[in-house]
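Only one structure is covered here, and it is reproduced in the block below.
Values in this text are rule-based calculations from the coordinates and carry no lab data. Since the structure is predicted, the reported quantities are computational estimates derived from the model, not experimental observations. Ideal geometry is used to build each Cβ from the backbone, glycine not excepted, and the neighbour counts take in all protein chains shown.
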Amino acid sequence: MRKAALLMLSIIIASSMAACESGTKSAGGNAAADGTAGNDTIVDGKMKDEVVISIPKVVDPNAKQGAGNLPPGDSDDNNQFTRYVKEKLNISFKAAFTTAPEAYDQKLSLAMASNELPDVTVVAEDDFKKLVENGQVEDLTAVYNKYASPTLKKIYDSTNGRSLKQATVDGKLMAIPNVNTMADFTNMLWVRKDWLDKLGLKEPRTLDDIITVAKAFIEKDPDGNGQADTMGLPGPSKNSPLVTNDKNHYFGFEQIFALDHAFPGMWVKNDKGEIEYGSIQPQAKKGLELLQKMYKDGVIDNQFVFRDDPSQFVKSGKAGMFFGPWWMPLGMLQDAVKNDPKAEWISILAPFGADGTYTTNRGSASGDFVVLKKGFQHPEALILYMNLYGANLVGEDPEGAQKLDPNVDLGYWPIRMTLEYGDKVERTSIEVQGVIDGKNKPESLDPVKKSIYDAYMRDQKNPRKVVPDWALASSWLASGKVLSQPMNIMNNEFTGTTESMIQKWATLSKLENETYLKIVMGQLDIGAFDDFVKKWTELGGEQVTQEVRELAGK
Amino acid sequence: MRERSNIKHYWMMLIPGLFLLFVFNTYPLFGSIIAFQNYNPFKGMLHSKWVGLENFEFMFRLPDSRQILWNTVYIACLKIIAGIVFSLTFAILLNELRLRFFKRSIQTLVYIPHFLSWVILSGILIDLFSLEGMANKVVQWFGFQPIQFLGSNRLFPFLLVGSDVWKEFGFGAIVYLAALAGINPGLYEAAAIDGANRFQRIRYITLPGIVPTIVLLVTLSLGNILNAGFDQIFNMYNPVVYESSDIIDTYVYRAGLVSQQYSLATAVGLMKSLISFFLIVISNMLAKKFANYRIF
């Protein structure tokens, strides 16, 4: 296995050599597709001739058949969604390559490096920019303007145009962006209510409360097995940063930094109104100091830097508190509750700052971009798909509502990304709560919300008996309600990559990661933060900051 | 006449080997040119911009490079030395055993770990050496504070070397055992008659008898000095110990595949290959001089 990395590179190189030729070939066939996305290709809202779109296919080897997922006999390639799309739009899909979820990014990197993109790919912003720069993707301006449905436009309007702006380069719409669910960015505090009750503790509100609860969870044997085997706060795994601005990041300590209005990993405006990198701001030092103390006191799992998968402690009932987004019940908490039906997980906003406010970070409006390979013959097919998909997700597709079973995971849509109103969690919670309070009739809900309502009603009768029911109610309804409380929101001012970031960011983030972790673990004194800031600036951070300010000013 | 046609067959048998060599070793070499380009995957190697030695300059200006190079050499040297010392000692001790069955079973037992992959072993090792792991239980029995083996830049390289030795010393001993088997038993008998005890026999017969093998293995391992073990380190390290365990290969992986800096990663890799090449030439010369053994 020596030179494994080199070998990988050789593969990339070898395949890209081969790709050169095919690249030029497909560019030639491009002219025909341009402009003449003819009227005659769409008849009665569907494609006249069947369009086959190749997409990357992600297969989760851990996914269980039937368990709230696909009915027997259905598969990734052939399920209610693919059949519905075929029937309504005459579009079908084939896999360009197949990968496990963890390997997806790498596989996509390879596909990009070898210039063998599938017809349609969902890529992150950096990759999107690169693809556009290299002229690999189709301009969608014309087809979007012509075929986008009012519903799709309404969804993008909910971001005040931020989404479409991110997908527009030089005035041309080069991708169909997703709309991030803003709630995904907030790391709520998840606590086991049954442990709190057992130890006679209140729901934590301040950081001191959290520390008190964590210590009690460690020392007072909340699971009652007579062994000192429970922990306070698990930290992020060794492959995940201590703190980031990524959505859906869990076990991170963003909220502890946010106490002092520090936002590491984000580009934020400082007092002077200039954009600055949050990780080097003086406030971040305070957050690190807090974390260092918590680590020293054992409040934070002392081994977190070496853990592959901290979620095992939540699943096995060894941890009773952690930071994570609103949808945790739809993820690992299902296992936690299955393993221990007495576990009563609740989500709250904490810690509140000294001034009694709660501050949280928000990222960009869009993070995923659906790009169409240059030269694809029927760009309008993608818009048709997005119209249908968007309408379905926001509950404005009555036919789909009737035909599609809401219990089947939305992940089985062929091209998948979040495409709903930015505040959909809060919206859903309010709407469903209205029905629970008797203000509206259950029939007024669209099927997805109806299924949340039904799940809630069933769970009320038999609490946590049917775990998926509990999960739906707990995430959409309970967390959604908590998230509707007033809070300070800090926006990320810049996403993307600048010229010198390409060269320097790896070094800079290695430095940041290393310093932060070492300070938290007490291997470095808190004074090391100032050295870090100095080094960071010198090693290219200053230049990157300048470029970010320029680009964000545009 | 018959001889000549035989030779033809032998040449034919070379073809599959040469073909594989070309496909997997020679053809990819052309890819190295992206080290001299600002490589852009979409433009491909033919149309990417040429930047000369810029990537190499940047590599040397990187604050990490010195540390990475040092780590690589340091860890590799420790591994080579410790590996030879342990394998050799073990082989000699095993050679002194007279019970055949016992000897065979021990030998089999110690080389089993060689066949386990680092992916599996690293999980076990991380559990063993974590704060609440077995190693720390032992430390605590003796009344010491638990030690952060996995988070200490002082200890982590030794953990890497130690686990590597544990995994490989049994397998490494095989060569020495073979060499030992080649020593003329008559020498031992003569020495015994002259009244040499066991240690004297080891010192004056066994060791001189396998010196060529030792020299050969040491010189050959010089060529490997920049391979400090990607699999092992990649599976065992964490950001806290980058400082002491980040080696060229792990860096190339992170820079090349994770951060997509293909050109820089290739430049680093190419540099490594160049140095390795010279080391192999040198070690070949040394091997020829000391052990009269040559590869080319």
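Quick notes on this one:
- Candidates B:Tyr10, B:Ser244, B:Leu207 compared by Cα position along the dipole of chain B: farthest toward the positive end lies B:Tyr10, with charges placed on Cβ.
- Proxy reagent accessibility, fewest Cβ within 10 Å first, across A:His378, A:His261, B:His9: B:His9, A:His261, A:His378
- Separation of alpha-carbon centers, region A:225-268 and region A:96-164, rounded to whole Å: 30
- Per-residue ellipticity at 222 nm computed for the protein assembly as shown from its helices equals -15500 deg cm²/dmol, with DSSP H segments shorter than 4 residues left out and the rest contributing -39,500 (n - 2.57).
- Other residues whose C-beta falls under 12 angstrom from the C-beta of A:Ile280 contribute a net charge of -3, scoring Lys and Arg +1 and Asp and Glu -1.
- Remark: A:Ser92, B:Ser263 ranked as A:Ser92, B:Ser263, counting other beta-carbon atoms within 10 Å and listing the fewest first.
- Net dipole in debye of chain B [+1 Lys, Arg Cβ; -1 Asp, Glu Cβ; about Cα centre; nearest 20]: 860
- For region A:257-343, the list of GluC sites (Glu not before Pro) that fall in a loop by DSSP and count at most 13 other C-beta atoms within 10 angstrom reads A:Glu274.
- Estimated Rh, region A:83-151: Kirkwood, alpha-carbon pairs, angstrom: 14.3
- Note on region A:296-379: Cα-only Rg and Dmax are 19.4, 62 Å.
- Rg(Cα)/(2.2 N^0.38 Å) for region B:91-160, N = residue count: 1.50
- Other-chain or far-sequence residues with amide H under 5 Å of A:Gly235's (modelled H): A:Asp301, A:Phe304
- Fewest-first sequence of A:Arg427, A:Arg192 by Cβ atoms within 10 Å of each Cβ: A:Arg427, A:Arg192
- Each eigenvalue of the Cα gyration tensor of region B:1-82, multiplied by 5 and square-rooted, gives one semi-axis; in descending order these are 40, 26, 9 Å.
- Cβ-based net charge around A:Ala103, under 13 Å, with every Lys or Arg adding one and every Asp or Glu removing one: -1
- Under the span-like rule (Cα at least 20 Å along the axis, Kyte-Doolittle mean at least 1.0), DSSP H helices of chain B: B:63-96, B:156-181, B:207-222, B:262-291
- Assigned charges on the beta-carbon of Lys, Arg, Asp, Glu; the protein assembly as shown dipole about Cα centre (debye): 2660
- The percentage of C-alpha pairs in chain A whose separation is greater than 32 Å is 50%.
- Its Cα gyration tensor gives chain B an equivalent ellipsoid. The semi-axes, each the square root of 5 times an eigenvalue, are 40, 32, 17 Å from largest down.
- Between region A:509-550 and region B:233-254, the Cα center-to-center distance that results, in Å: 19
- Out-of-range pairs (alpha-carbon distance over 24 Å; input A:Lys165/A:Lys374; A:Lys193/A:Lys315; A:Lys88/A:Lys247): A:Lys88/A:Lys247
- Proximity of backbone amide H atoms, modeled 1.01 Å from N, is registered between A:Asn488 and A:Tyr358, A:Thr359, A:Thr360 at under 5 Å, excluding neighbours fewer than 5 places apart on the same chain.
- Based on every Cα atom in region A:142-192, Rg and the maximum pairwise Cα distance Dmax equal 14.8, 52 Å.
- Within region B:215-288, trypsin sites (Lys or Arg not before Pro) in DSSP loop having at most 13 other beta-carbon neighbours inside 10 Å: none
- With eigenvalues of the C-alpha gyration tensor scaled by 5 and rooted, region B:139-271, Å: 42, 24, 10
- Residue pairs, from the table A:Lys338/A:Lys450; A:Lys318/A:Lys510; A:Lys403/A:Lys449; A:Lys107/A:Lys153; A:Lys46/A:Lys403; A:Lys439/A:Lys461, whose Cα atoms sit over 26 Å apart: A:Lys318/A:Lys510; A:Lys107/A:Lys153
- Distance histogram for region B:138-185 (every C-alpha pair counted, 5 angstrom bins, percent rounded to whole numbers): 5, 17, 12, 14, 14, 11, 9, 7, 6, 4, 1
- Lys/Arg +1, Asp/Glu -1 at C-beta; region A:134-287 dipole; positive extreme among A:Pro222, A:Val191, A:Gly171: A:Gly171
- Dipole magnitude for region A:109-194: about 460 debye, using +1 per Lys or Arg Cβ and -1 per Asp or Glu Cβ, origin at the Cα centre.
- The calculated Kirkwood hydrodynamic radius for region A:369-450 is 14.5 Å, given to one decimal from all distinct C-alpha pairs.
- What the Cα convex hull of region A:453-548 gives, in volume per residue, is 193 Å³.
- Percent of C-alpha pairs per 5 Å bin, region A:370-512, short to long: 2, 8, 13, 15, 15, 12, 11, 10, 7, 5, 3, 0
- Among residues other than A:Lys269 with Cβ under 9 Å from its Cβ, the summed charge is -3 (Lys and Arg +1, Asp and Glu -1).
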